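Working notes for the structure below.
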Number of protein chains: 2
Amino acid sequence: MRIAELSSRSGVPVPTIKYYLREGLLPSGEVTSPNQARYADSHVFRLRLVRVLLDAGGLSIAEIGRLLAELDRPDPDVPAALSETVRPGPSAPPPADPRIRAAAATTVGELIGRRGWDVDPENPAWRAATDLVVALRQVGLDADVDALDAYARAAEGSVEADRRLAPIANRHAGSACHHAVAAILGDGLLAALRRLADQGRTRAC
Amino acid sequence: MRIAELSSRSGVPVPTIKYYLREGLLPSGEVTSPNQARYADSHVFRLRLVRVLLDAGGLSIAEIGRLLAELDRPDPDVPAALSETVRPGPSAPPPADPRIRAAAATTVGELIGRRGWDVDPENPAWRAATDLVVALRQVGLDADVDALDAYARAAEGSVEADRRLAPIANRHAGSACHHAVAAILGDGLLAALRRLADQGRTRAC
């Protein structure tokens, strides 16, 4: 199909498609003449994937580009790629007393040890978790062993939920793609259900 | 203290403090002359709160303004205010087949019923959860009863974790403030721990 049909089938405007092509989010079509290219059904799916990660997943174009680049590799490291999408990003470490930061790093390291998680020490999610423990402390809340264990159990349970999402027959998305999408949209689904559980249980008291 | 000292004690530049004053994120100081005002320790804490919600919590200035306005009321409805911070926001509903949207709405409604959550039908998190089930389907994943129940159990467990965060003696933050901060930073902490659990358990397979 031509770019006009790709646009009408995906609902993505032509200039936006051209922007995604320039940014490498969408692979080039098959060039049929110097000014024309032909696109396939896989491009329609890819555009849908980009829009879902952007609108429903809340990722930036740059984050989507990096994630898709990893998914396009022959043997993608999905957990490592996903860890690049955590908040707070590396640009915004909360300013803090070095002793508070060191104590938070120890607390998170011990948690990872207790859970038996075999994680890369360079995993950005490790630093993000430490930053969040520091941030909580800065506004008057202490994440002690008891609270962190409760979050970790919920995290494990929700990762299990990500894996229970059932693939619908789709020849454009492999297991790595499903893994990544489940993790990103699972974050949002979990956050929405947290709000509902919070209201539902607050009222019940 | 004068605005210069408020800036040095909070680490927030004076022009940014003035911006927060204009946006209503920071209450006015006590006016001491036509061009000067005096600020209190409560302003230092409030600036720290704004920065933590912005940098570590990932909220926008507009979202922080609405949340703090509710927290400043005599009897704030914290769960309702928190529900305004969910992603995807109302501006970005994924375009979808009305039957898929209707099926997703039913699935989420049934989940809320099974959990016994007494929630407001207008709670934006309800719509956000439906949007995410639709988005998952658009990229080839079906959130069935089994998966949704697993997410809901994790959501309940993590809301319990929010409540286990121990308040550190602080006369500037009441229970409503702690509730809100725990929910917002808890989302991030949970997402970071999800990435660590994902990597830790993928490797273990």
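The values are calculated or read from the model by the stated rules, or taken from the named source; none is laboratory data. If you're wondering where the values come from, they're calculated on a predicted model, not measured in any experiment. Reconstructed Cβ throughout: ideal geometry from the backbone, glycine too, with neighbour counts over all protein chains shown.
Some observations on this one:
- Residue list for region A:52-70, filter: closer than 25 Å to A:Glu160 by Cα and within 12 Å of chain B (Cβ to nearest Cβ): A:Val52, A:Leu53, A:Leu54, A:Asp55, A:Ala56, A:Gly57, A:Gly58, A:Leu59
- Among the conditions (1) at pLDDT 95 or above; (2) hydrophobic (A, V, I, L, M, F, W, C); (3) more than 20 Å from the chain's Cα centre (by Cα), B:Leu132 misses just one, which is (3).
- Within the set B:Asp97, B:Asp77, the sole residue that is over 12 Å from the mean Cα position of the chain (by Cα) and either more than 18 Å from B:His179 (Cα to Cα) or more than 10 Å from chain A (Cβ to nearest Cβ) (or both) turns out to be B:Asp97.
- Filter result for B:Arg194 (crowded, with 24+ Cβ neighbours inside 10 Å, of a type in the set (Lys, Arg) and facing chain A (nearest Cβ under 7 Å)): yes
- For region B:166-185, a residue qualifies if it is in a helix (DSSP H, G or I), touching a residue at least 24 places away in the same chain (Cβ under 8 Å) and at the interface with another protein chain (Cβ under 7 Å from one of its Cβ atoms), and the qualifying residues are B:Val181, B:Ala183, B:Leu185.
- Any chance A:Glu156 is of a type in the set (Asp, Glu), under 22 Å from B:Ala135 (Cβ atoms) and at the interface with chain B (Cβ under 8 Å from one of its Cβ atoms): no
- Within region B:27-60, the only residue that satisfies the criterion of being part of a loop (DSSP other than H, G, I, E, B), free of Cβ contacts under 8 Å to residues at least 12 places away in the same chain and within 30 Å of A:Ala128 (Cα to Cα) is B:Ser60.
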